[in-house]
1. Select from the range A:411-427 the residues that are in contact (Cβ under 8 Å) with a residue 60 or more places away in the chain, away from chain B (no Cβ under 11 Å) and surrounded by 15 or more Cβ atoms within 10 Å (Cβ to Cβ) and list them in ascending order.
2. Quickly run through the range A:46-86 and pick out the residues that are closer than 15 Å to residue A:372 by Cβ and free of Cβ contacts under 8 Å to residues at least 60 places away in the same chain.
3. How about the range A:197-206: which of its residues are surrounded by fewer than 22 Cβ atoms within 10 Å (Cβ to Cβ) and assigned to a helix (DSSP H, G or I)?
4. Residues to consider are A:121, A:166; find the one that is touching a residue at least 24 places away in the same chain (Cβ under 8 Å), over 21 Å from residue A:181 (Cα atoms) and buried (at least 24 other Cβ atoms within 10 Å of the Cβ).
5. For the range A:256-266, state whether one or more residues are within 14 Å of another protein chain (Cβ to nearest Cβ), at pLDDT below 95, part of a helix (DSSP H, G or I) and farther than 23 Å from residue A:391 by Cα.
6. From the list A:322, A:296, A:350, A:383, which one is in a helix (DSSP H, G or I), crowded, with 16+ Cβ neighbours inside 10 Å and more than 14 Å from chain B (Cβ to nearest Cβ)?
7. Residues that are away from chain B (no Cβ under 12 Å) and out of contact with any helix residue (DSSP H, G or I) (no Cβ under 6 Å at 6 or more places or on another chain): which helices (runs of 4 or more DSSP H) entirely in the range A:50-164 hold 1 or more of them?
8. Does the range B:44-62 contain at least one residue that is modelled with pLDDT under 70, surrounded by 10 or more Cβ atoms within 10 Å (Cβ to Cβ) and within 14 Å of chain A (Cβ to nearest Cβ)?
């Protein structure tokens with residue numbers, strides 16, 4: 001009961017505080033003589049939790065002021081966290097640089113990264129002090145920029161710092177959501193280290209980094225495929241197949257990765273288990289052809305729309321299922337991404353703000369705020385719509401590209417089968433069940449039979465035990481059969497002769 | 001003079017009529033082809049300098065092995081970039 005009263009009181013205080021701040025902002029707006037007007041209105045609106053309404057005033061202040069105050073830096077931090085750094089992307093570079101503001105340097109660095117100007121991105125991110133709250137994001141961006149410039153040593157060092165900063169942020173934050181955000185960021189830094197090691201062909205180190213991702217992590221299902229690539233590069237095809245079979249687990253249904261099918265087919269191909277590879281290829285065509293068609297029909301009809309895909313994510317599971325089960329699964333996958341969640345959270349804050357404003361008496365100031373908030377909401381919808389559409393386009397392009405790659409494997413298998421016939425040989429054995437002797441294990445890996453048991457924590461630790469079928473043995477040709485018959489006939493004739501001579505000797 | 005002209009005229013008339021009569025009479029031409037002819041290819045000789053190989057043969061060669069440039073993951077650059085673009 002007490003808790004409810006406290007909550008009601010807090011809500012009332014917050015609302016009253018918000019209203020008072022808005023009232024103060026209105027007075028400032030209507031006063032023609034007030035100095036640093038935009039800056040002061042920004043403070044008041046942020047105090048009242050009107051973040052999206054404050055964006056326009058903050059932008060004006062950045063563009064017009066010669067130098068921003070330390071207090072304004074705090075306001076920028078609040079705006080970046082609530083609305084995202086891209087809200088300041090359109091501000092000219094000279095205005096962003098002028099203030100020597102860490103937050104604005106971050107905006108600039110990120111903008112240059114978007115423009116693929118990685119050297120400039122690093123230049124501005126370097127200007128941010130080490131104790132800045134954005135350090136995990138800054139280090140991650142710098143690490144990525146160095147990696148893309150081909151400087152893996154510098155990239156590795158930045159990722160390591162990113163990991164430490166993110167880990168400190170997890171321990172420092174008391175809010176669960178913020179804790180989770182930094183935990184994901186920490187894992188992203190680890191994954192980037194693993195990818196860097198993969199690129200430089202240090203596969204053991206890459207695997208070590210991937211293994212640090214906990215199975216309960218949001219990132220873990222995505223990491224399985226990357227781990228499978230490492231094992232594939234290490235020629236451990238049984239482990240590759242074991243890692244990929246984890247995606248068949250019912251709870252990982254929405255984590256469907258077409259690339260995992262290609263890697264499965266490639267692994268079977270490497271083990272010369274051609275029939276298995278061909279069956280994976282057939283399965284891929286059977287599964288992904290209708291999916292690709294369903295997705296293409298949605299994409300082509302609505303590709304010019306600015307909001308269709310955004311509202312598609314709002315449809316109920318039944319409605320999405322009626323469109324196509326695959327569309328439902330893909331939407332589920334998109335809705336699980338961090339980008340979608342953060343952007344959608346931001347959109348909801350903007351909507352809440354607009355609803356509050358629309359309930360107020362509409363004078364010039366409120367009308368202006370409603371107009372600005374609506375603009376920001378539309379931008380958010382467009383950004384999310386673009387993100388979903390791009391995700392779907394990338395997915396369909398991947399399906400088509402992988403389909404071509406699988407076709408190449410099929411052609412190669414056919415060619416190899418033909419060569420065997422010409423050479424009069426065949427592969428040593430047909431596909432049989434695996435055996436433990438073909439399983440490669442590290443010192444910390446153990447073998448369990450799981451007879452009548454099911455352990456959830458074995459997920460992702462499977463290995464196949466298939467023997468490579470690549471050895472060739474000579475096959476009986478027509479000539480061989482002819483020779484065998486001739487030898488048999490010779491043998492029979494010899495036997496007959498011997499028995500006749502034996503008979504003759506007996507008669508004598 | 002007149003007599004000579006009449007004789008020439010009559011002579012011309014006579015020869016023209018004779019030719020026309022001869023043309024009307026169609027002669028039947030029968031062309032006969034050889035029903036069978038045997039070529040002894042081994043016995044054939046080529047006159048002059050030989051610039052082509054004397055016999056036709058198929059050289060034994062190794063079977064062409066198809067180049068298989070399968071998809072290989074080399075790096076994660078697009079994924080690294082995407083992670084930063086989606087950074088909030």
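1. A:427
2. Passing the criteria: A:46, A:48, A:54, A:57, A:58, A:59, A:60, A:61, A:79.
3. A:197, A:199, A:203, A:204, A:205
4. Only one candidate passes the filter, namely A:121.
5. no
6. A:350
7. A:51-64, A:70-83, A:93-98, A:102-114, A:118-125
8. no
The values are calculated or read from the model by the stated rules, or taken from the named source; none is laboratory data. Remember, it's a predicted structure, so these values are computed and weren't measured experimentally. For neighbour counting, all protein chains shown are included, and Cβ atoms are generated from backbone atoms with ideal geometry for every residue, glycine included.
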